[in-house]
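Trainee: Sending over a structure as structure tokens; questions will come in a sec.
The values are calculated or read from the model by the stated rules, or taken from the named source; none is laboratory data. The structure displayed is predicted, hence computed values, not measured ones. FYI the Cβ positions are ideal-geometry reconstructions off the backbone, even for glycines, and counts take in every protein chain you see.
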Amino acid sequence: MPVVHAPATVPSAPPTAPHATVVIDVADLTYTYPGGQPALRGVSLRIMEGEKVALVGPNGAGKSTLMLHLNGILGGPASPVHICGRPLSRDNLPLIRGLVGLVFQNPDDQLFSPTVLEDVAFGPLHQGLPEAEVRQRAARALEQVGMAGFEGRLSHQLSLGQKKRVAIATVLSMAPALLVLDEPTAGLDPRGRRQLIGLLRDLPVTMLVSTHDMWLVDELFPRMVIMDEGRVVADGPTPELLAQPSLLEAHGLESLALPHH
């Protein structure tokens, strides 16, 4: 289906305070996978400190590819991505990966140590921080996600919801400037979903979240970015974009006017 661009009435992202810090600055990012499949076609995106932004669109829209560019998993030395004012260059890569906390959809991709504490301490430990600070950071991160007291538990024996919270703690322990999450509510039962929404609401960190859960978007994210076929097709206040069912339908998104099952 051809890309249907948002009508001219769709608002752009709200203006920001003149002294606000730009956390993500992506300018005309293009990327083609080996084999010739274009994934990103001139994506530009700016996110300011403290914003919580939903990234939505159909499968294959380029959302995950964009997210993997934000900490240098994808992209080359000429990347047009800046994080907290720093270009995503080879020299800056270790610093950028500390600033961008990427949480994958499947927490088993993130949890590989025997115990919860070892998983959460892994990042700051390998940053070369003193052991006392590593323990302090791990304890604070686990407290932030409601998993204090689970330090000695075996990560693989946790529930999916608990694993997702520990996966978030593994990046919070790195004190990131930006939290990037891929489908955080996928696979959760209603209780686990509510707990995760409460956690994301309370975390005082800039956030970009890719999701198909439009009810989560409506509840939690003041700003929404719609991608389709490798392009940003709309970017603006969530209530105003959600009020355009034809826009949502054109880009494979669920309208909240429809019954929710």
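Trainee: Going residue by residue through the stretch 58-77, is there one that turns out to be of a type in the set (A, V, I, L, M) and assigned to a strand (DSSP E or B)?
Mentor: Within the stretch 58-77 (the criterion being of a type in the set (A, V, I, L, M) and assigned to a strand (DSSP E or B)), the answer is no, since none of the residues qualifies.
Trainee: From GLY152, GLY161, grab the single residue that is among the small types (Gly, Ala, Ser), touching a Leu at 6+ places or on another chain (Cβ under 9 Å) and either assigned to a loop (DSSP other than H, G, I, E, B) or assigned by TED's automatic domain parsing to the domain that holds ASP213 (or both). Before you say what the answer is, go through the steps one by one.
Mentor: On the way: GLY161 fails: either assigned to a loop (DSSP other than H, G, I, E, B) or assigned by TED's automatic domain parsing to the domain that holds ASP213 (or both).
Of GLY152, GLY161, the one residue that is among the small types (Gly, Ala, Ser), touching a Leu at 6+ places or on another chain (Cβ under 9 Å) and either assigned to a loop (DSSP other than H, G, I, E, B) or assigned by TED's automatic domain parsing to the domain that holds ASP213 (or both) is GLY152.
Every residue, every condition in (1) in the same structural domain as GLU183 (by TED's automatic domain parsing); (2) touching a Gly at 6+ places or on another chain (Cβ under 9 Å), yes or no:
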| position | (1), (2) |
| --- | --- |
| GLY76 | yes, no |
| PRO80 | yes, no |
| PHE112 | no, no |
| HIS126 | no, no |
| PRO130 | no, no |
| ARG137 | no, yes |
| ALA141 | no, no |
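Trainee: Further, regarding this structure: Being among the aliphatic types (A, V, I, L, M) and either at positive phi or surrounded by fewer than 22 Cβ atoms within 10 Å (Cβ to Cβ) (or both) is the filter here, so list the residues in the stretch 221-246 that pass it.
Mentor: VAL233, LEU242, ALA243
Trainee: Applying the selection to the stretch 66-92, what residues are within 18 Å of the chain's Cα centre (by Cα) and free of Cβ contacts under 8 Å to residues at least 40 places away in the same chain? Reasoning before the result, please.
Mentor: Just the residues of the stretch 66-92 that are within 18 Å of the chain's Cα centre (by Cα), to begin with: 66-75, 81-84, 88.
Passing the criteria: LEU68, GLY72, ILE73, LEU88.
Trainee: Out of MET1, MET48, report the one residue that is modelled with pLDDT under 90 and of a type in the set (A, V, I, L, M).
Mentor: The conditions single out MET1.
Trainee: For the stretch 78-103, which positions are farther than 21 Å from PRO34 by Cβ and in a loop (DSSP other than H, G, I, E, B)?
Mentor: CYS84, GLY85, SER89, ASP91, ASN92
Trainee: Which of the following residues is modelled with pLDDT under 95 and crowded, with 19+ Cβ neighbours inside 10 Å: GLY101, GLY85, GLY76, GLY128?
Mentor: Matching residue, one of GLY101, GLY85, GLY76, GLY128: GLY101.
Trainee: While we're on this one: List the pairs whose first member sits in the stretch 146-159 and is at pLDDT below 95, whose second member is of a type in the set (Asp, Glu), and whose Cβ atoms are under 6 Å apart, counting only residues at least 6 apart or on separate chains?
Mentor: From residues that are at pLDDT below 95, the pairs are SER155/ASP119.
One line per residue, one yes/no per condition, for (1) closer than 26 Å to GLU49 by Cβ; (2) assigned to a strand (DSSP E or B):
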site: TRP215; (1), (2): no, no
site: MET227; (1), (2): yes, yes
site: VAL233; (1), (2): yes, yes
site: LEU241; (1), (2): yes, no
site: LEU253; (1), (2): no, no
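Trainee: Would you confirm, using the coordinates I've provided, whether SER113 is touching a Phe, Trp or Tyr at 6+ places or on another chain (Cβ under 8 Å) and over 24 Å from SER210 (Cα atoms)?
Mentor: The answer is yes for SER113.
Trainee: Pull up the stretch 143-200, narrow it to residues that are of a type in the set (Val, Ile, Thr) and crowded, with 20+ Cβ neighbours inside 10 Å, then point me to the one that is farthest from GLU51 (Cα to Cα).
Mentor: Step by step, filter the stretch 143-200, then rank; the result is VAL166.
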